[in-house]
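Accompanying notes for the structure given below.
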Amino acid sequence: MTQFHFGLLSTAMAMPLLLIAGTAGSQTLRPGLDYASAATIRDTCIAWATERDMRMAIFVLEPHGMPVTLAHMDGTSAGVHDVARWKANSAAHSGRATADTATFNPPLNTPNVATMGGGVPIYTADGALLGGVGVSGGKPADDIACATAGIAAAGLKVAKPAAPAQ
């Protein structure tokens, strides 16, 4: 009789696990920005800036705005750091380069919308948004070039691929 109760108890305990396992298999997998790719973006941007004797702040964020990695090169101000994060947030949330969002003429202080170049989205070759890079410390064209070089070095894209013609 004791074995029977023990068997029922173990079956009762196993059922929730089977239900969980069944639903876990139906979860859709999504690509994510891993640390190795983010570090490649950051390190390439640092090398790009160093070759040009520039000092930059670099933020690499995942799509929800959480930092994956960042760098604040010697000689950059706190303001440069804050602007780089603002640009990265805008690109990560919207999936658009901040040079593009600047042309929308958003109201001042619109949350997570940067209005100067230097924030660049990160996409997979298949068009999945992985996050955004924000660079500050140079002219907007330099910030964009630095971010773009990092993204390319990681084997990723700065724009969603165009949809095939119908």
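Miscellaneous remarks
- Per-residue extension of 0.36 nm, minus the Cα-Cα distance of D34 and A128, leaves a gain of 32.5 nm for this segment.
- Cβ-derived FRET efficiency at R0 25 Å, K160 paired with F104, nearest 0.05: 0.90
- Zone of R52's modelled label, taken as backbone nitrogen in the range 113-148 under 12 Å from a point 7 Å along Cα→Cβ: 118, 135-148
- One Cα centroid belongs to the range 78-111, the other to the range 151-166; the line between them spans 20 Å.
- Among E62, E51, the order of accessible area from largest down is E51, E62, computed with a 1.4 Å probe on protein heavy atoms.
- With the convex hull constructed from alpha-carbon coordinates only, the range 81-121 shows a mean projected area of 2.4 nm² over all directions.
- When Rg and the Kirkwood Rh are both derived from Cα coordinates, the Rg/Rh ratio for the range 59-166 amounts to 0.97.
- Inter-site label distance for M66 and A78 at 7 Å from Cα along Cβ, in nm: 2.7
The values are calculated or read from the model by the stated rules, or taken from the named source; none is laboratory data. None of the values given here were measured: they were computed from a predicted structure. Using ideal geometry, Cβ is built from the backbone for each residue, glycine included, and neighbour counts are taken over all protein chains shown. What goes into the accessible areas is simple: the full protein's heavy atoms, side chains included, and nothing from ligands, DNA or RNA. Shrake-Rupley method; radii C 1.70, N 1.55, O 1.52, S 1.80 Å.
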